[in-house]
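Here the structure comes first, spelled out in structure tokens, and everything after it is commentary.
Derivation of every value follows stated rules applied to the coordinates shown; laboratory data play no part. As the structure is a computational prediction, the values presented were derived from the model and not from experiment. All Cβ positions, glycine included, derive from the backbone under ideal geometry; neighbour counts span all protein chains shown.
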Amino acid sequence: GEDVEQSLFLSVREGDSSVINCTYTDSSSTYLYWYKQEPGAGLQLLTYIFSNMDMKQDQRLTVLLNKKDKHLSLRIADTQTGDSAIYFCAESIIFGKGTRLHILP
Amino acid sequence: DAGVTQSPTHLIKTRGQQVTLRCSPKSGHDTVSWYQQALGQGPQFIFQYYEEEERQRGNFPDRFSGHQFPNYSSELNVNALLLGDSALYLCASSAGYLQDEQFFGPGTRLTVL
């Protein structure tokens, strides 16, 4: 069946770049999404990429899509303490388990 | 412009009871989806409502049912609660059926004792 997989944990020093990776199985979706969830909160849509694009940049966020390998990544430049959260990759209604981003001082 | 709102924020029930959760979509949105997010997991799709009908359903038992009203707001009902139903229930709205871009509410935290 359809599945989205992510690594569960990432630790990054403040000011460095964070790269969160995701793989998916269903290639029929028009868009792929990244959401952010802070403790005790709902999901905030961060960015998305159209399936026929390779890259999308939005301020500190860069999304890369390798459709052949069904691999999606989210790069956060100049990572700040406020970026500490769980990041979910999603393909339509299918979500990964989330990657917890921990920021080291 | 109000975003997606959900009520109540928190709820405690006991096994076997029934619960109703409510959601109002973002202004201009007519499609509502419900998700269950267990602790440490990603959201699991329960079902989606459009034009007051259930359009898609995930792998959830019939104990989970819903409704959409003419003003596009929605309810999620869960009967015969089990301990495993304890989770954060998220509502998401979108503009139009089959539109993927969803906006999420803050969720209702359900605890079943």
Residue-wise HN-Hα coupling along region A:82-94, computed from phi with Karplus coefficients 6.51, -1.76, 1.60 (Hz; x: Gly, Pro): x, 7, 5, 5, 9, 10, 10, 8, 9, 10, 6, 9, 9
Give me the one-decimal Kirkwood hydrodynamic radius in Å for chain B, with the sum taken over alpha-carbon pairs. 13.8
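Please arrange B:75, B:51 by counting, for each residue, the other beta carbons lying within 10 Å of its beta carbon, fewest first.
Details: B:75 17, B:51 11.
Going from sparsest to densest Cβ surroundings: B:51, B:75.
If you take every residue apart from residue A:27 with its C-beta less than 11 Å away from the C-beta of residue A:27, what net charge results, scoring Lys and Arg +1 and Asp and Glu -1?
On the way: positive: A:67, A:68, A:70; negative: A:2, A:26, A:69, A:91.
That sum, taken over residues with Cβ under 11 Å, equals -1.
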Hz values of 3J(HN,Hα) by residue in region B:41-55 - Karplus curve (6.51, -1.76, 1.60), Gly and Pro given as x: 10, x, x, 10, 5, 9, 6, 10, 10, 8, 6, 6, 10, 6, 9
Surpassing 28 Å at the alpha-carbon level, of the pairs A:56/A:97; A:97/B:26; A:70/B:26, are A:70/B:26
When the convex hull of the C-alpha atoms of region B:1-61 is computed, what volume per residue in Å³ does it have? 125
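Which of B:72, B:35 comes first, and how do the rest follow, when ranked by fewest Cβ neighbours within 10 Å? Walk me through the numbers on the way to the answer.
Values: B:72 21, B:35 26.
Lowest count first: B:72, B:35.
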Using each residue's phi in region A:64-71, evaluate 6.51 cos²θ - 1.76 cosθ + 1.60 at θ = phi - 60° and report the 3J(HN,Hα) Karplus result to the nearest Hz, with x for Gly and Pro. 10, 10, 10, 5, 5, 8, 6, 10
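Quote to one decimal, in nm, the extra length available between residue B:59 and residue B:100 on full extension: 0.36 nm per residue of separation minus the C-alpha distance between them.
Details: separation 41, 0.36 × 41 = 14.76 nm, distance 1.91 nm.
Extra length available between residue B:59 and residue B:100 comes to 12.9 nm.
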Modelled label-to-label distance, residue A:67 and residue A:16, 7 Å Cα→beta-carbon offset: nm? 3.3
5 angstrom amide H check on residue A:47, placed H, neighbours 5+ away: A:34
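For each of A:48, A:24, count neighbouring Cβ atoms within 10 Å of the residue's Cβ, then give the residues from fewest to most.
Least to most surrounded, the residues fall as A:48, A:24.
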For residue A:7, list long-range residues whose amide hydrogen, built 1.01 Å from N in the peptide plane, is under 5 Å from its own amide hydrogen. A:21
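Using the eigenvalues of the Cα gyration tensor, what equivalent ellipsoid semi-axes result for chain A when each is taken as the square root of five times the eigenvalue, whole Å, largest first? Each step should come with its number before you reach the end.
Values: eigenvalues 98, 44, 27 Å².
In descending order the semi-axes read 22, 15, 12 Å.
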